[in-house]
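The values are calculated or read from the model by the stated rules, or taken from the named source; none is laboratory data. Please read all numbers here as calculations on a predicted model, not as lab measurements. Backbone-built Cβ (ideal geometry, glycine too); neighbour counts: all protein chains shown. Heavy atoms of the whole protein, side chains included, go into the accessibility calculation; ligands, DNA and RNA do not. Shrake-Rupley method; radii C 1.70, N 1.55, O 1.52, S 1.80 Å.
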Amino acid sequence: MEVPFMSLEYMQEEVDGELRGAFERVYQSCHYIAGNEGSAFENEFAEYCGRKYAAGCNSGLDALMLSLKAMGIGAGDEVLVPSNTYIATALAVSYTGATPVFVEPDIRTYNIDPEKIKEKITDKTKVMMIVHLYGQPCDMDPIIAIAREYKIKIVEDCAQAHGAKYKGKRIGSFGDIAGFSFYPGKNLGAFGDAGAVVADDEEIINRIKALRNYGSDYKYHHIYKGYNTRMDEIQAAVLRAKLPHLDRMNQYRRGIAKKYLEGISNPLIKLPFIIDDVEPVWHLFAIRCDRRSDLEKYLNDNGIETIKHYPIPMHLQGAYRDMNLSEGSLPIAEEISKTELSLPMFYGMTDEQIGYVIDRLNHFK
């Protein structure tokens, strides 16, 4: 049996009519940038997240970078980021001129460890950017308590956590501001690159809307040195078509994860740990194995596609060589990078495929 890591076909077939209707609306409108679809999606997505306002942009990376810029973060400032995440989180900090400061994760959840945050706070720390990695919500109560104690802001990186909940509230509604990616493979994905910021502060959102559009608050009037990072109308229309289905499709993914968690019994496999009072959305189902290379080859030989997230931690990438963080300096991130393997997880995955993956994992020796 062949089991792909991800497939969008089943989802796309299910909402085919709505997607074609979205394309037709944009086509008929002859308005492809900064039109009605974009503003309508912003309103709908803000409401979905439990926030007052949203601003669409070109990518999740830009959503995070614009958030920091709008908050006044720049050279001389420090932003705490988890040491175990995709490099876009750190790049967003670097693009502002500020310095990313890596905080180690809890090896059980892969998310930033609240107990390790305080030791990295200095008088230069202005923001902590927390990542709900793989669709697993961070433990927000202690994080919020630390932010209040030290008077620092919280930016939520929700690029992999659309619709996830912590204690009944949607992820993206806890920080001062939150950024999302709508890369096609996300739980809520566009048909190209797209992103958005959500917040309750109208002034911050208006600043982001100007920054994304050449720094312009109205035509040919430029109040900032801005960027060209707007969400186009096609992407907004596609996201509007998919958004009403997101919770149902996330629930399907939870069903797959439940079968994995209950069915995988091989002691060589370390399963994800879920903290109390959360509803993950399982963008990725990340396991760990001390013999990852052997397991990866075994699964691939058996027709099961897997991906490593992320095999080289940020501090050992050439892009951050200037930070002079040698191997061994962030041991938990390094351990995860050497042992993590993501299993197939997608809407429409069949019981037969799920059972086959579980069976092959249980027979790995």
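For the range 95-106, give me each residue that is within 18 Å of the chain's Cα centre (by Cα) and either of a type outside the set (Asp, Glu) or open to solvent by less than 10 Å² (accessible area, probe 1.4 Å) (or both). Steps first, answer last, please.
Taking the range 95-106 and keeping what is within 18 Å of the chain's Cα centre (by Cα), we get 100, 102-106.
Scanning the range 95-106 gives 100, 102, 103, 105.
Being of a type in the set (Gly, Ala, Ser) and closer than 13 Å to residue 129 by Cβ: is that true of residue 90 here?
Working: of a type in the set (Gly, Ala, Ser): yes; closer than 13 Å to residue 129 by Cβ: yes.
The answer is yes for residue 90.
Is one or more of the residues making up the range 62-81 loosely packed, with under 14 Cβ neighbours inside 10 Å and of a type in the set (Lys, Arg)? Don't jump to the end; show me each part of the working.
Restricting attention to the range 62-81, the residues satisfying the condition of being loosely packed, with under 14 Cβ neighbours inside 10 Å are 72, 74-76.
After this cut, where a residue has to be of a type in the set (Lys, Arg) as well, the list is none.
No, the conditions are met nowhere in the range 62-81.
Take residue 342 and decide whether it is over 28 Å from residue 171 (Cα atoms) and either assigned to a loop (DSSP other than H, G, I, E, B) or not charged (D, E, K, R) (or both). Outline the logic, then answer.
Details: over 28 Å from residue 171 (Cα atoms): no; either assigned to a loop (DSSP other than H, G, I, E, B) or not charged (D, E, K, R) (or both): yes.
In short, no.
Residues checked against (1) over 30 Å from residue 97 (Cβ atoms); (2) in contact with a Pro (Cβ under 8 Å, 6 or more places away or on another chain):
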residue	(1), (2)
299	yes, no
302	yes, no
305	yes, yes
308	yes, no
313	no, no
317	no, no
325	no, no
335	yes, no
341	yes, no
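Open to solvent by less than 70 Å² (accessible area, probe 1.4 Å), of a type outside the set (A, V, I, L, M), more than 26 Å from residue 164 (Cβ to Cβ) and more than 26 Å from the chain's Cα centre (by Cα), is that true of residue 298?
yes
Looking at 143, 87, 130, 152, which is the one that is closer than 24 Å to residue 50 by Cβ, among the hydrophobic types (A, V, I, L, M, F, W, C) and under 17 Å from the mean Cα position of the chain (by Cα)? I'd like the intermediate steps shown before the answer.
Working: 143 fails: under 17 Å from the mean Cα position of the chain (by Cα); 87 fails: closer than 24 Å to residue 50 by Cβ; 152 fails: under 17 Å from the mean Cα position of the chain (by Cα).
Checking each option against the conditions leaves just 130.
Report yes if residue 93 is touching a Ser or Thr at 6+ places or on another chain (Cβ under 9 Å) and more than 24 Å from residue 187 (Cα to Cα), otherwise no.
Numbers: touching a Ser or Thr at 6+ places or on another chain (Cβ under 9 Å): yes; more than 24 Å from residue 187 (Cα to Cα): yes.
Considered against the rule, which asks whether it is touching a Ser or Thr at 6+ places or on another chain (Cβ under 9 Å) and more than 24 Å from residue 187 (Cα to Cα), residue 93 comes out as yes.
Cβ-Cβ distances below 7 Å connect the following pairs, each with a first residue in the range 140-162 that is at negative phi, a second residue that is part of a helix (DSSP H, G or I) and open to solvent by 40 Å² or more (accessible area, probe 1.4 Å), and a separation of six or more residues or different chains: 146/118. Looking across the range 172-215, the residues that are without any contact (Cβ under 8 Å) to a residue 60 or more places away in the chain, within 21 Å of residue 34 (Cβ to Cβ) and not aliphatic (A, V, I, L, M) come down to 191, 192, 203, 206, 214, 215. In the range 237-258, the residues that are over 19 Å from residue 182 (Cα atoms) form Cβ pairs under 6 Å with partners that are assigned to a helix (DSSP H, G or I) and not hydroxyl-bearing (Ser, Thr, Tyr), at six or more places apart or across chains, as follows: 256/354. Residue 324 meets each of the listed conditions (1) open to solvent by less than 50 Å² (accessible area, probe 1.4 Å); (2) without any contact (Cβ under 8 Å) to a residue 60 or more places away in the chain; (3) out of contact with any helix residue (DSSP H, G or I) (no Cβ under 9 Å at 6 or more places or on another chain) apart from (1).
Quickly run through the range 9-21 and pick out the residues that are in a helix (DSSP H, G or I) and either in contact (Cβ under 8 Å) with a residue 40 or more places away in the chain or touching a helix residue (DSSP H, G or I) at 6+ places or on another chain (Cβ under 8 Å) (or both). Within the range 9-21, 9, 10, 11, 12, 14, 18, 19, 21 meet the criteria.
Residues checked against (1) under 20 Å from residue 167 (Cα atoms); (2) touching a strand residue (DSSP E or B) at 6+ places or on another chain (Cβ under 8 Å); (3) open to solvent by less than 20 Å² (accessible area, probe 1.4 Å):
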{"position": "237", "(1), (2), (3)": "no, no, yes"}
{"position": "242", "(1), (2), (3)": "no, no, yes"}
{"position": "245", "(1), (2), (3)": "no, no, no"}
{"position": "255", "(1), (2), (3)": "yes, no, no"}
{"position": "268", "(1), (2), (3)": "no, no, no"}
{"position": "273", "(1), (2), (3)": "yes, no, no"}
{"position": "277", "(1), (2), (3)": "yes, yes, no"}
{"position": "282", "(1), (2), (3)": "yes, no, yes"}
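Can you find even one residue in the range 193-210 that is open to solvent by 10 Å² or more (accessible area, probe 1.4 Å) and in contact with a Gly (Cβ under 6 Å, 6 or more places away or on another chain)? Talk me through it step by step, then tell me what you get.
Residues of the range 193-210 open to solvent by 10 Å² or more (accessible area, probe 1.4 Å): 193, 200-204, 206-207, 209.
With in contact with a Gly (Cβ under 6 Å, 6 or more places away or on another chain) added as a condition, the list becomes none.
Scanning the range 193-210 turns up no residue that is open to solvent by 10 Å² or more (accessible area, probe 1.4 Å) and in contact with a Gly (Cβ under 6 Å, 6 or more places away or on another chain).
Restricting the range 334-362 to residues that are without any contact (Cβ under 8 Å) to a residue 60 or more places away in the chain and not acidic (Asp, Glu) leaves a set whose member that is farthest from residue 262 (Cα to Cα) is 338.
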